[in-house]
Amino acid sequence: MISFYPGPSAVYPEIPLYVQQAYDEGILSMNHRSPEFIAISKELQKVIKEKLEIPPDYMVMYCSSATECWENIAQSFRSKKSLHFYNGAFGEKWANYQKLLLGNENVIEAPFGIEEAPALEKFTNAQADLLCLTQCETSNATQLPEGTLKKVRSLYPEALVAIDATSALAGVQLPIALGDIWYASVQKCFGLPAGMAVIILSPKAQQLALANFEATHYNHLGSMIRQMEAFQTPYTPNVLNIYLLLRTLQAAPPIGITSQRIRAQWQNWKTFLAQKGLTLLIKNEAVQSETVLAIQASPQKVTEIKQKAKAQGILLGNGYGKWKDDCFRIANFPAIPPEHIQKLITFLEQL
């Protein structure tokens, strides 16, 4: 089955080879306190910063999922009031989870429309310590307009800036230095099996997490930072996915090159879909996601397209939330090879 599902999505074709090598080298049963694991973790810290243009003084750590990162952040900055800009389901879920852990009075919600940019100026008097944004809202195929984080830094110079970069990190070039906390699951643009996420912290975020460290949660960022200073984790991590992340990044081009390819494919997709009379859910190009496309049609047409595609060995993504019935989604992730894209185009041409 060829998968265009926007997560878990297609993995790199080299993954079976890397898994076999991991088995042959004993990595599947490797002790996470061993010198061998530390060497892998240390090398990954170096490679991921080089390939994704992460500043050298930032720290990269491993979690079980992007959803766990919500808990990491809430538990590590309990004294902070958070301001959440969102236009979709995952941004809203993050805000709701923050309210569950910290209370409604410590969370400010700032929803905005799917064809709009966030109203950043409107909340400058809210005295928020932590700003939370979603770079790519997978549920509705939107992304933050270019220049948003630069504007955030100007309007909220003292706040910690946290970004959910799932469906964006490792797929497109991101201004990492303009954020303090970035996180993403690996089953999307990283092209890996599900079961791990990375979380990236600026020096400011590291300092504040350590200053607020409470030894009451195993996944407090302070505990994770202390362990990662020795290239380890507080708990037994997903050693296989850490190894696979290292191997795929070693083989990958710099993010600038990958980003150019993804953007070119995105433009080609839009041209093709327009020629076929297929309509994108998001009309405003400034906020269209480059890595996830949502195509809108009648529920009957959507069902027909998905069923016929599956019969030909092509898995399309369902719509999400209120667009579940009248949309399908196509992942535009780096691990999807050109021949798979061509097969989907050929299928859609025949409709």
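The values are calculated or read from the model by the stated rules, or taken from the named source; none is laboratory data. These numbers were taken from a predicted model, which means no experiment stands behind them. Positions of Cβ are backbone-derived with ideal geometry, glycine not excepted, and every protein chain shown enters the neighbour counts. These area figures cover heavy atoms from the full protein model, side chains too; ligands, DNA and RNA do not enter into them. Shrake-Rupley method; radii C 1.70, N 1.55, O 1.52, S 1.80 Å.
Descriptive notes on the structure:
- Among (1) open to solvent by 10 Å² or more (accessible area, probe 1.4 Å); (2) hydrophobic (A, V, I, L, M, F, W, C); (3) assigned to a helix (DSSP H, G or I), the one test that Phe231 misses: (3)
- In segment 277-297, the residues that are outside any strand (DSSP E or B), in contact (Cβ under 8 Å) with a residue 60 or more places away in the chain and surrounded by 13 or more Cβ atoms within 10 Å (Cβ to Cβ): Leu278, Leu281, Ile282, Asn284, Ala286, Val287, Ser289, Glu290, Thr291
- Any hit, segment 11-18, residues being part of a helix (DSSP H, G or I), of a type in the set (A, V, I, L, M, F, W, C) and touching a Leu at 6+ places or on another chain (Cβ under 9 Å): yes
- Members of segment 69-127 found to be open to solvent by less than 10 Å² (accessible area, probe 1.4 Å), hydrophobic (A, V, I, L, M, F, W, C) and farther than 17 Å from Asp180 by Cβ, listed by number: Ala95, Ala110
- Condition met for Leu210 (open to solvent by 10 Å² or more (accessible area, probe 1.4 Å), under 30 Å from Gln75 (Cα atoms) and free of Cβ contacts under 8 Å to residues at least 24 places away in the same chain): yes
One line per residue, one yes/no per condition, for (1) touching a Pro at 6+ places or on another chain (Cβ under 6 Å); (2) of a type in the set (Lys, Arg); (3) farther than 16 Å from Phe190 by Cα; (4) touching a residue at least 12 places away in the same chain (Cβ under 8 Å):
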| position | (1), (2), (3), (4) |
| --- | --- |
| Thr233 | no, no, yes, yes |
| Ile242 | no, no, no, yes |
| Leu245 | no, no, no, yes |
| Thr248 | no, no, no, yes |
| Arg261 | no, yes, no, yes |
| Leu273 | no, no, yes, yes |
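- Residues of segment 248-293 satisfying the condition of being in contact with a Phe, Trp or Tyr (Cβ under 9 Å, 6 or more places away or on another chain) and either over 22 Å from Gly88 (Cβ atoms) or polar (S, T, N, Q) (or both): Thr248, Leu249, Ala251, Ala252, Gln288, Ser289, Thr291
- Residues that are at pLDDT 95 or above and assigned to a helix (DSSP H, G or I) do occur in segment 52-63.
- Contact map, segment 65-92: residues that are under 23 Å from Met196 (Cβ atoms) and of a type in the set (D, E, K, R) paired with residues that are open to solvent by 20 Å² or more (accessible area, probe 1.4 Å) and assigned to a helix (DSSP H, G or I), Cβ distance under 9 Å, separation 6+ or inter-chain. Pairs shown: Glu71/Tyr97; Glu71/Leu101.
- Within segment 175-189, the residues that satisfy the criterion of being without any contact (Cβ under 8 Å) to a residue 60 or more places away in the chain, of a type outside the set (Gly, Ala, Ser) and either open to solvent by 10 Å² or more (accessible area, probe 1.4 Å) or more than 15 Å from Asn332 (Cα to Cα) (or both) are Pro175, Leu178, Asp180, Trp182.
- Test: residue in segment 299-306 that is outside any helix (DSSP H, G or I) and in contact with a Phe, Trp or Tyr (Cβ under 8 Å, 6 or more places away or on another chain): no
- The residue list Tyr18, Tyr97, Tyr58 contains one member that is aromatic (Phe, Trp, Tyr) and in contact with a Lys or Arg (Cβ under 6 Å, 6 or more places away or on another chain), which is Tyr18.
- Tally of residues being over 21 Å from the mean Cα position of the chain (by Cα) and either of a type in the set (Ser, Thr, Tyr) or buried (at least 18 other Cβ atoms within 10 Å of the Cβ) (or both) across segment 298-322: 6
- The number of residues in segment 110-145 that are at pLDDT below 95, within 20 Å of Cys69 (Cβ to Cβ) and not charged (D, E, K, R) comes to 1.
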